[in-house]
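See below for the structure under consideration.
The values are calculated or read from the model by the stated rules, or taken from the named source; none is laboratory data. Just so we're clear, the structure is a prediction, and the values are computed from it rather than from any experiment. Ideal geometry is used to build each Cβ from the backbone, glycine not excepted, and the neighbour counts take in all protein chains shown.
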Amino acid sequence: MLRSVCQVLALAAATVCLQAANPPDFTGKWELDLNKSDFGDAPKPARMTIDCTVSGDEMRSVTTTYVQQDNSVNESVWYLDGKKHPTDKPVPGYSITHWQDGVLINERGSNDGAYKQLIRLSLSADRKTATETVQTKTPNGNNKEKLVWDRK
């Protein structure tokens, strides 16, 4: 009996270690849960979707934002290698993306230092919900958002 309990505990520990070694995979189609999300001072969209692919150290996403007057599509690439990469979105500057304790962190800044953004993206244990916190600092003010995404 004790041996069986030890084997089960060892298997559980190995599973936890394996999950910790492999970062969450955000590949797939996602839709924003408007009722669970908080936009801070930013305007609330009518709908938002993301189509995300991960290949090696590169995560590509196509975000579609639906608003009453118009829809916008934004394509972006996050390099998951923890190195500084040049970017032109949302302003000319840099982007650094890295993993920390199973959370994907993206730091962006403008070349002149006036714009800074910190994004933290985590995945639920069942891999059906992603939570994204976005802290933005601009010359026009600061904003904090919490976006809750459902896998489709």
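Some observations on this one:
- Among the conditions (1) farther than 18 Å from Pro24 by Cβ; (2) among the hydrophobic types (A, V, I, L, M, F, W, C); (3) not in a loop (DSSP other than H, G, I, E, B), the only one that Ala114 does not satisfy is (3).
- Residue within region 29-46 that is acidic (Asp, Glu) and touching a Ser or Thr at 6+ places or on another chain (Cβ under 6 Å) present: yes
- Hey, Ser61 in a strand (DSSP E or B), within 23 Å of Phe39 (Cβ to Cβ), hydroxyl-bearing (Ser, Thr, Tyr) and in contact (Cβ under 8 Å) with a residue 60 or more places away in the chain or not: no
- Every condition in (1) closer than 20 Å to Ile50 by Cβ; (2) modelled with pLDDT of 95 or more is met by Asp88 except one, and the failing one is (2).
The rows are residues; the columns are (1) of a type in the set (S, T, N, Q); (2) within 16 Å of Asp41 (Cα to Cα); (3) in contact with a Leu (Cβ under 7 Å, 6 or more places away or on another chain); (4) assigned to a strand (DSSP E or B).
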{"residue": "Ser72", "(1), (2), (3), (4)": "yes, no, no, yes"}
{"residue": "Glu75", "(1), (2), (3), (4)": "no, no, no, yes"}
{"residue": "Gln135", "(1), (2), (3), (4)": "yes, yes, yes, yes"}
{"residue": "Lys146", "(1), (2), (3), (4)": "no, yes, no, yes"}
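- The lone exception for Asp51 - which of (1) among the charged types (D, E, K, R); (2) assigned to a loop (DSSP other than H, G, I, E, B); (3) surrounded by 14 or more Cβ atoms within 10 Å (Cβ to Cβ) it fails: (2)
- Filter result (hydrophobic (A, V, I, L, M, F, W, C) and without any contact (Cβ under 8 Å) to a residue 24 or more places away in the chain) within region 115-143: Leu118, Ile119, Ala125, Val134
- Residue in region 99-114 that is surrounded by fewer than 16 Cβ atoms within 10 Å (Cβ to Cβ), in contact with a helix residue (DSSP H, G or I) (Cβ under 9 Å, 6 or more places away or on another chain) and touching a residue at least 12 places away in the same chain (Cβ under 8 Å) present: yes
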